[in-house]
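The values are calculated or read from the model by the stated rules, or taken from the named source; none is laboratory data. In this text the structure is predicted, and so the values were computed from the model without any measurement. Cβ sites come from the backbone with ideal geometry, for glycine too, and all protein chains shown count toward neighbours.
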Amino acid sequence: MTVIDVSGCGSGAVFLIKGKANLLFEAGMAYAADQMVENIKRELGDAELDAVLLSHSHYDHVAGLPAVRKAWPGVKTYASERAKEILVKPGALKTIRRLSGEAAEAAGLPWDSEYDDADLQIDVSLEDGETIELGDHTIYAFATIGHTKCSMSYLIDDELMLCSETVGVMGHDGSYMPSFLVDYKAAEESIEYSSELDAKEIILNHYGFVSEADKAAIWDVLMQKLRDSRDVMIDIMNRFPEEEAALREMERVFHSHVDKKEQPDEAFYINAASMMKTLKRQFPERFPRHFQLIAAVDRNWGIGNKGQMLTVIPADQKLFRQETMGKIIVMGYKTFLTFPAQRPLDGRINLILTKKKALSVKGAEICHSVEEALVRIDELKQEKHLTDVDVVIIGGESIYRQFLPFCDTAQITWIDFSYVADTHMVDLEKEGWELVRRSGEQTFFNLCYEFREYRKLEKESL
Ligand SMILES: NC(=O)c1ccc[n+]([C@@H]2O[C@H](COP(=O)([O-])OP(=O)(O)OC[C@H]3O[C@@H](n4cnc5c(N)ncnc54)[C@H](OP(=O)(O)O)[C@@H]3O)[C@@H](O)[C@H]2O)c1
C-alpha cells in the first residue's frame, strides 16, 4: 500500500492512500487546500481521487473539501452518521466558515471563502463496525468517541490504521495534547479497542506514521499519557478554582510550545474548557466540594412522612430562610412539591432534580442527574460569583444521600420526639461527623428541639 502525506501546510494533516481506488484521509484546513490539491495531483497524475474518509466534523479536518470536489467532482465523502448530520446544520457550517477565516488570517494565507456549503456534505455515512470495499481496498470503520461524538477511525486492508484525534495528539518533540473534548472514559475505551485491532502501520492524527521503534508500545504510551494528562488537569482545576486561572495554567502546561498556526490560543481555550467540563462530569469524586446541608430531624433522623414534613416549627423555618437566602438550594422533585403553591422559593436559585425530561418549572433550574447538577452548580457559581458555601442541599432523603459526599457542614434542627416517618436523613453521628455547635434546648409549645451544627471530619483524623 502506498501512503503519502499530502498535507497542504506542515505535515501530518492529510494522507493519500493509493490503489485501484485512491483514498484521502481528512481534507485539512481551508487555507491549505490549494497546496493539498496540488500535492495530490502530483501523486495521481490523471488518475481520479475516489473517496475522502473523514475522522470527524471539525473545521480543520473538513474545510479543504470544497477544493477537493472542485478538482475531482466525482469524489465521494465518508464519515459517521453523526458527522453527516452535523455537516448540514447551518450553525455548524457557519462556525466552520468563521474558524477557517480566523485560521487563514492567523497563518497569513489566502483561502476561498466563496465556497458552497453543500460541498462539505457527507455522501456516505458509515456505522460503527461497518466494512466497505473501495477498489482494491477493504475499509473497516469504527467509532472512536471521545474527541467528538462523531469521531471515527479506519482500518485499511487489515493493515493501516487511520486514527481519529480521540487518542490525543502527539508532538514530534515527545509532547502530548489530550483531546477528549466530550468523553474521557470513551477515549480510554477507544485506545483499548484500537490496540486490539493490532494494525501493522498506524497514522496518528496531526502527527503521521508511528515509527517502527515506537509501534509496539504506542497504545500503552497513549493510554498512559491520556491518564497522566487527566490527572494533571484535575490537579490544576483543584489548585485554580477560577476557570480563567485554570485555563491559563493549562495553556502554560499543555500549549505554550505548540505552533499557534496549527492551533491558535482561542481554539485551545475552547478545547480545554470542554475537557474541564467533561472531567467534572465524569469524575465528580475527584473535585472536593464544600456544600452545606440543612434538615430538621427527629430522634431517629426521620425527616418526612407521606410526602410531608414531620412538623412545622416557626424558628426552624426562620433559620432555613436565613441559611438559604441568596444561595443555590438543591432539592429533589418530591420536596419541591411540598412548597406552597408549588412555586420556587424566592430570593434563592432553586435547583430541582428530576428524571422527567420534559419537566420545566418557571423560575427554577432543572437537572436530570447528580453529575448534571454538579456541572450546573459550577456554572451558576461562576455566573453569580458564589462559592461552595453558598450551595445548600435541602433534601429530601434521596438528595441528602446522594449529595452527602459533597457536603462538609450540616445545620440540623434536632427534634426531641419520635414521629412515624417514611423518609430519613443519614445519621451523621453514625457517619462520624462531629457535633461542633448546639443551641441548647428550645421549645415550641410542648415540643423540645435544638439547633445543631455538624462538621464532616477530615479522613486522616478519623
Ligand atoms: N425534614 C426536612 O428537613 C426535610 C427536608 C426536605 C424534605 N423532607 C421530606 O422528605 C420527603 C421527600 O424525600 P424523598 O427522598 O422521598 O424525595 P426527594 O429527595 O425530595 O425527591 C425525590 C425525587 O427527586 C428526583 N431525583 C432524586 N435523585 C435524582 C437523580 N439522581 N437524578 C434525577 N432526579 C433525581 C426524582 O424525581 P422524579 O421522580 O421526578 O424523577 C425523585 O423521585 C418528604 O416527606 C419531604 O417533606 C424533609
SER113 meets each of (1) within 18 Å of LEU181 (Cβ to Cβ); (2) modelled with pLDDT under 95 with one exception, condition (1)
Which one of SER190, SER179 is touching a His at 6+ places or on another chain (Cβ under 8 Å) and either assigned to a loop (DSSP other than H, G, I, E, B) or farther than 29 Å from ALA104 by Cα (or both)?
SER179
Picked from region 317-331 (must be surrounded by 19 or more Cβ atoms within 10 Å (Cβ to Cβ) and within 12 Å of the ligand (Cβ to nearest atom)), the residue nearest to ASP298 (Cα to Cα) is PHE320
Restricting to region 340-363, name every residue that is aliphatic (A, V, I, L, M), away from the ligand (no atom under 13 Å from the Cβ) and buried (at least 18 other Cβ atoms within 10 Å of the Cβ).
ILE349
For strands (runs of 3 or more DSSP E) lying entirely in region 391-462, having 3 or more residues that are buried (at least 21 other Cβ atoms within 10 Å of the Cβ) and in the same structural domain as ARG321 (by TED's automatic domain parsing) picks out 391-395, 407-415
Take the residues in region 67-89 that are part of a helix (DSSP H, G or I) and more than 23 Å from the chain's Cα centre (by Cα), then tell me which one is surrounded by the most Cβ atoms within 10 Å (Cβ to Cβ).
ALA67
Residue identified as in contact with a strand residue (DSSP E or B) (Cβ under 6 Å, 6 or more places away or on another chain) and in the same structural domain as LEU374 (by TED's automatic domain parsing) among THR324, THR338, THR311
THR324
Looking at region 292-386, what strands (runs of 3 or more DSSP E) fall wholly within it and have at least 1 residues that are over 35 Å from the mean Cα position of the chain (by Cα), more than 15 Å from GLN402 (Cα to Cα) and of a type in the set (Asp, Glu)?
none
Tally of residues being without any contact (Cβ under 8 Å) to a residue 40 or more places away in the chain and either under 25 Å from SER418 (Cα atoms) or in contact with a Lys or Arg (Cβ under 9 Å, 6 or more places away or on another chain) (or both) across region 272-301:
0
Which members of region 371-425 meet the condition of being within 8 Å of the ligand (Cβ to nearest atom), touching a strand residue (DSSP E or B) at 6+ places or on another chain (Cβ under 8 Å) and not charged (D, E, K, R)?
ALA373, ILE394, GLY395, GLY396, SER398, ILE399, TYR400, THR413, THR423, MET425
Starting from region 308-320, take each residue that is free of Cβ contacts under 8 Å to residues at least 12 places away in the same chain and list its partners that are more than 9 Å from the ligand (Cβ to nearest atom), counting only C-beta distances under 6 angstrom and pairs at least six apart or across chains.
none
Qualifying residue in region 120-132 (condition: assigned to a helix (DSSP H, G or I) and either buried (at least 18 other Cβ atoms within 10 Å of the Cβ) or free of Cβ contacts under 8 Å to residues at least 60 places away in the same chain (or both))
yes
Here are some conditions: (1) in contact (Cβ under 8 Å) with a residue 40 or more places away in the chain; (2) surrounded by fewer than 24 Cβ atoms within 10 Å (Cβ to Cβ). PRO178 meets all but one. Which one does it not meet?
(2)
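Rundown of residues vs (1) modelled with pLDDT under 95; (2) out of contact with any Ser or Thr (no Cβ under 9 Å at 6 or more places or on another chain), yes/no style:
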| site | (1), (2) |
| --- | --- |
| GLY10 | yes, yes |
| ASN22 | no, yes |
| PHE25 | no, no |
| GLY45 | no, yes |
| SER57 | no, no |
| PRO66 | no, yes |
| ALA71 | no, yes |
| TYR78 | no, no |
| GLU81 | no, no |
Among (1) farther than 21 Å from ALA410 by Cα; (2) within 16 Å of the ligand (Cβ to nearest atom); (3) of a type in the set (A, V, I, L, M); (4) without any contact (Cβ under 8 Å) to a residue 24 or more places away in the chain, LEU337 falls short only on (4)
